[in-house]
Amino acid sequence: MKYGLIGYPIGHSLSPAMFRACYPQHSYELIETPRFEEALAIVRRDFDAVNVTAPFKEDAFLAADEADEASMRLRAANILINRDGRLSAMNSDHLAVRRMLSELPQLKEGSRILVLGCGGAGRAAAYASAGLGFRTAVANRTLARAQQFCSQDPLMEAMTLEEGISRIDSFSAIIYTIPTGIEQTPIISESGAVILEAGYREPHFGGSNYVSGTKWLAYQAIPGFKAMTGIEPDETKIMDAIHK
């Protein structure tokens, strides 16, 4: 059995270490190319399943022959499973965020969540938050993109990035999914809200109210690896691999 990861760039990824710690009997390779079509051809030809990371999550969903409910709602996939050339898309990002939010004692019934960004990670975060019953605002540079996504759920509200920052004190938690830093980062840091970050390579925040992107990485891998291999992974081994 052969597994791997597609995305670009991915040389820094911790996914190989996590996977190999749980499944030393299987191969896990990086397919690093800026061209999604090239990566997809390799997957169809040589791989049983792959993880998918930026910037290919939306492409992976569109290229799949079938998709789970979450991928269809989010129009993004972080897993492709190859069944005799037929690709199935899945999304475990929302499961990671759902678990992260469920572990926060600060969040109570009626808490409001702000998601910054409306890419694949941002949509997964909002989907998880609303699924837990939290009123969820999605703030994005392009308002129309957030409006289109939020219109399908009464617990979601779309706003511009500037509006979200201006109302930041009204939120109990902030989920930061923008790939780069923004000039309002200090305002977010000083808000007093719990901050969850999608990325882990170059964190933009810190402190006692900060939840690192490494936890998101681990929590999406646990159900994701099981879907890919059919074997429940060892969570302790995943955490150890991340923190080595």
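The values are calculated or read from the model by the stated rules, or taken from the named source; none is laboratory data. Keep in mind that this is a model prediction, so the values were computed, not measured. With ideal geometry, Cβ positions are generated from the backbone for all residues, glycine too; neighbour counts draw on all protein chains shown. All accessible areas refer to the heavy atoms of the entire protein, side chains included, with ligands and DNA or RNA removed. Shrake-Rupley method; radii C 1.70, N 1.55, O 1.52, S 1.80 Å.
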*Just one of the numbered conditions (1) open to solvent by less than 20 Å² (accessible area, probe 1.4 Å); (2) out of contact with any Ser or Thr (no Cβ under 7 Å at 6 or more places or on another chain); (3) assigned to a helix (DSSP H, G or I); (4) closer than 22 Å to Ala126 by Cβ is not true of Ile238; which one?*
(4)
*Here are some conditions: (1) more than 26 Å from Gly122 (Cα to Cα); (2) modelled with pLDDT of 95 or more. Glu69 meets all but one. Which one does it not meet?*
(1)
*Return a yes/no flag: does region 147-166 have any residue that is within 30 Å of Thr229 (Cα to Cα) and in a helix (DSSP H, G or I).*
no
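If the requirement is being within 20 Å of Phe149 (Cβ to Cβ) and either within 20 Å of the chain's Cα centre (by Cα) or acidic (Asp, Glu) (or both), which of these qualifies: Ala63, Ala49, Ala67, Ala17?
Going through Ala63, Ala49, Ala67, Ala17 in turn, just one is within 20 Å of Phe149 (Cβ to Cβ) and either within 20 Å of the chain's Cα centre (by Cα) or acidic (Asp, Glu) (or both): Ala67.
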*Given (1) touching a helix residue (DSSP H, G or I) at 6+ places or on another chain (Cβ under 6 Å); (2) closer than 14 Å to Leu114 by Cβ, number of the condition Glu163 does not satisfy*: (1)
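Within region 1-14, which residues are open to solvent by 10 Å² or more (accessible area, probe 1.4 Å) and in contact (Cβ under 8 Å) with a residue 24 or more places away in the chain?
Of region 1-14, the ones open to solvent by 10 Å² or more (accessible area, probe 1.4 Å) are 1-2, 8-9, 11-14.
Correct list: Met1, Lys2, Tyr8, His12, Ser13, Leu14.
Take residues that are surrounded by fewer than 16 Cβ atoms within 10 Å (Cβ to Cβ) and tell me which of the strands (runs of 3 or more DSSP E) falling wholly in region 33-116 contain 1 or more. I'd like the intermediate steps shown before the answer.
Details: elements: 49-52, 79-83, 86-90, 112-116.
So the answer is 79-83, 86-90.
Quick check on Ile174: is it part of a loop (DSSP other than H, G, I, E, B), buried (at least 19 other Cβ atoms within 10 Å of the Cβ) and touching a residue at least 60 places away in the same chain (Cβ under 8 Å)? Lay out the reasoning, then the answer.
Values: part of a loop (DSSP other than H, G, I, E, B): no; buried (at least 19 other Cβ atoms within 10 Å of the Cβ): yes; touching a residue at least 60 places away in the same chain (Cβ under 8 Å): yes.
Criteria not met by Ile174.
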*Just one of Pro233, Pro223 is more than 21 Å from Asn140 (Cβ to Cβ), touching a Leu at 6+ places or on another chain (Cβ under 6 Å) and modelled with pLDDT of 95 or more; which is it?*
Pro223
*For region 177-198, which residues satisfy the criterion of being under 15 Å from Val97 (Cα atoms) and without any contact (Cβ under 8 Å) to a residue 60 or more places away in the chain?*
Ile195, Glu197
*Within the set of pairs 6 or more residues apart or between chains, which connect a residue that is more than 9 Å from Ala124 (Cβ to Cβ) and among the acidic types (Asp, Glu) inside region 86-99 to a residue that is open to solvent by 10 Å² or more (accessible area, probe 1.4 Å) and in a strand (DSSP E or B) with Cβ atoms less than 6 Å apart?*
none
